[in-house]
Every structure is written in C-alpha cells, then in structure tokens.
Amino acid sequence: MTKRNNLLIFILTIGVFGILNTEMGVIGILPDIAEHFQVSISKAGWLVSIFALGVAIAGPTMPLLFSGIDRKMVMLLVLGVFLMGNIVSIFTSSFTVLLITRVIPAFFHPIYCSLAFTVAADSVSKEEAPKAVSKVFIGVSAGMVVGVPIVSFLNNAVSFEMAMAFFAIVNALVFIATLLFVPSMPVKEVLTYGEQLSVLKKLNTWISIAAVIFINSAIFSIYSYFAEYLQTVTKMSSNTISLMLFIYGGANIIGNILAGKLLVKSAIKSVVTFPFVLGAVYIILFFTGQFTIPMAIITLIWGILAGIGGNINQYWITSAAPKAPDFANGLFLSSCNIGTTIGAAVGGLFISEMGTQYVILVGLLSLILTTVFILLRNYMCSNTNGQAPIFIDTEKSP
C-alpha cells in the first residue's frame with residue numbers, strides 16, 4: 001500500500017509540475033516572446049496575468065462543479081485540455097491565439113491542482129497529510145527549477161517552438177501515466193454545494209483569502225519580470241539568466257521541505273515572521289540588484305522564502321475551511337492567482353512608468369498589506385474562542 005501511495009503521489013507531483021510548467025514556464029522567455037510576436041514586454045506579461053486571472057475566476061467554481069465525479073476521469077480531462085492547448089501554442093503565429101491557448105486551460109487548472117492536494121492528503125494518515133501535500137508542492141517548485149530554465153534554454157539553444165513543445169511533452173507523459181497507473185477514484189462522500197459554500201460565511205475565510213492574495217502578489221509582481229530584471233538591471237547574459245532561474249527553482253524545493261516542518265512545529269511564528277524576512281530581502285535586492293554575486297545570493301534566499309510562502313498559502317486557507325477540502329483548495333488556487341494577476345499587472349505598470357528596478361516597490365507594498373491581514377486574522381482568532389482555527393500547532397512530526 002505504501003508503494004502504491006508513493007507512486008500515486010509521484011504522479012500527482014509530476015502532474016502539478018506539468019500544469020504549473022505550462023502556467024509559469026513562459027516567465028523565463030517573456031522578452032523573447034515579446035520579440036517573437038512583436039509586442040511590448042508589458043503586453044507579453046499578459047501571458048502570465050491572463051492565465052492567472054483564468055485560474056482565479058475558475059478556482060472557486062470548477063472544483064466545486066466536478067467534486068462529485070470520479071477523480072481519475074476528471075484528471076484525464078484536465079490533462080487532455082492542457083495537452084491540446086500546448087499543441088496549438090507550438091504552431092500559432094498570432095499572439096491573440098497564444099493568449100486563447102492560455103485562457104482555456106487556465107479554467108481547468110484549479111480542478112487538477114485542487115484534486116492533487118486533496119488526493120495526496122487522503123492517501124495517508126491525518127498526521128502524514130502535511131508531508132504528502134508538501135511533496136505535491138514540489139511539483140510547483142519543479143515547474144520553476146526544471147520548467148522555467150529548461151524552457152529558457154530550449155528557446156535560446158533551439159527555437160521558440162521547441163520551448164513551447166516542452167509543455168506538451170510533459171503533459172502527454174502525465175496523461176499516459178495517469179491512464180495506466182492511477183486507479184479509479186470514485187467520490188465516496190459527496191458534500192452538497194451548500195455545505196461547501198458555507199465556508200464563505202466565515203469572516204476568517206475572507207481575511208485568509210486577502211492575506212494569500214497579497215502574499216502571492218508580493219512574490220509574483222517581481223518574479224513575473226525576473227528575467228527582464230536580470231537582463232536590464234543586472235545586465236546578465238541569456239545563459240546566466242537561465243542559471244539564475246534554476247537557482248531560484250532549486251531553492252523553492254528547499255523551501256518546500258522546510259515549510260512542512262515549520263508549519264507543523266511553529267506555525268504562528270513562521271507565518272508572522274515571513275513577510276518581514278521577505279521584505280528585508282527585497283530591500284537588499286533593490287539596492288544591490290545590479291551586482292551579479294549579491295544577486296545570486298539574494299536569488300537563493302528569495303527562492304527558499306517563495307517555497308515556504310507557497311505552502312503557507314495552502315495551509316492558511318485550508319485550515320480556515322477544513323470541512324470542504326476540495327473547495328478550500330479551489331479558493332487557495334483562486335486567491336494565489338488573483339495575487340499573481342494583480343502583481344503581474346501592477347508590476348508591468350511600474351516597469352512602464354518608472355523602470356524595471358522599481359518593480360521591487362510593488363512587492364514591498366504587497367508585503368505591508370500581507371502583514372495587516374496576518375495580524376488581523378491572529379487578533380480575530382484570539383477573540384473567537386477558537387471557533388475558526390487558524391493554526392494546528394498540536395500536530396507534531398512523528
């Protein structure tokens with residue numbers, strides 16, 4: 001049973017990697033996409049923000065609509081949609097068509113990722129659930145550590161079309177693995193839509209959503225234009241930029257490993273400290289980002305913190321709605337992508353008006369708002385007699 005669960009979690013992890021790779025992989029080649037389709041860098045940034053907006057819109061609804069259907073069938077449907085979109089993106093010469101191939105899969109994105117987190121948690125004991133979820137989160141980081149730099153490398157060394165083909169290949173492999181090795185997973189206990197939607201009656205849920213939106217905005221307002229920043233501010237070559245993206249993604253995996261332990265052993269301290277530590281890193285980045293060696297060190301630390309932040313986001317919302325895990329994970333994905341949309345859009349605006357270096361200010365402003373909602377949730381929890389639990393500090397690692 002353990003081997004079967006490990007195989008299932010591995011396929012889910014690669015599946016999430018394929019989905020997130022499609023979403024985030026273009027970040028490393030935004031300047032090249034802008035040149036390839038003869039559009040501005042801020043317009044090329046729509047490929048990130050419009051995908052995130054699609055996920056944000058679909059996050060609360062699509063997992064809810066598909067919550068009663070056999071999970072294997074739903075996963076195959078989503079992977080098939082992504083695969084078709086990837087194939088079209090390889091051959092199109094129209095930026096508008098490319099945007100469309102991003103929008104349609106984006107609406108199916110939260111279905112797969114929500115199921116992946118829920119299935120991973122359900123496949124092990126309650127005590128082991130955070131660790132299982134953190135393994136699936138490695139798929140998110142792998143989309144950066146493997147996906148983004150490989151796409152960047154393929155674009156530079158071969159062609160734009162080959163870079164886009166990488167998305168299709170990964171999703172095709174996951175589709176086949178799911179078809180062959182994932183067992184049928186009919187939903188045994190179906191919650192009504194009303195039961196799942198009732199979590200929205202809690203003010204704590206909305207405060208959690210706001211905090212997650214600004215955490216993601218703080219990270220992706222800058223990361224969405226990271227390649228542009230390294231090119232124009234740090235003056236790095238294309239190959240060096242690929243290496244930096246690799247460092248960031250590798251650090252994300254380290255952050256995922258650390259996050260599981262931190263959230264189990266010292267959740268309150270970890271969450272409250274997070275925006276202050278990330279803010280300090282951004283301030284240093286603002287003043288030393290033009291230097292290569294400091295930038296490499298900052299990228300490593302930033303990547304670790306971003307990995308921790310992703311786990312905090314998922315834990316933050318699902319702990320506010322533990323009775324509706326699929327819907328809560330949908331809310332988590334929606335909140336994250338609203339944050340990505342806001343961050344990428346405002347970041348692009350700052351770059352257009354002030355210059356690439358000043359995109360850091362968007363991250364700092366987002367962190368200030370993050371801190372406000374973290375402290376507000378903490379305060380409300382302490383005044384509601386535990387009716388809306390925020391942290392589960394009683395869980396210890398075995």
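The values are calculated or read from the model by the stated rules, or taken from the named source; none is laboratory data. Quick caveat: nothing in here was measured; it's all calculated off a predicted structure. Glycine also receives a Cβ, built like all others from the backbone with ideal geometry; neighbour counts cover every protein chain displayed. Keep in mind that these areas ignore ligands, DNA and RNA; they rest on the heavy atoms of the full protein, side chains included. Shrake-Rupley method; radii C 1.70, N 1.55, O 1.52, S 1.80 Å.
What number of residues in segment 253-302 are polar (S, T, N, Q), assigned to a helix (DSSP H, G or I) and open to solvent by 10 Å² or more (accessible area, probe 1.4 Å)?
4
Among (1) more than 17 Å from the chain's Cα centre (by Cα); (2) modelled with pLDDT of 85 or more, which single condition is I312 missing?
Among (1) more than 17 Å from the chain's Cα centre (by Cα); (2) modelled with pLDDT of 85 or more, the lone unmet condition for I312 is (1).
So, restricting to helices (runs of 4 or more DSSP H) that lie completely within segment 41-156, which ones have at least 3 residues that are farther than 18 Å from N337 by Cα, out of contact with any strand residue (DSSP E or B) (no Cβ under 8 Å at 6 or more places or on another chain) and aliphatic (A, V, I, L, M)?
Passing ranges, in order: 71-91, 95-122, 129-142.
Is it the case, given these coordinates, that V233 is surrounded by fewer than 24 Cβ atoms within 10 Å (Cβ to Cβ) and within 15 Å of Y282 (Cβ to Cβ)?
The answer is yes for V233.
So which residues in segment 322-366 are over 21 Å from the mean Cα position of the chain (by Cα) and aromatic (F, W, Y), if there are any at all?
F350, Y358
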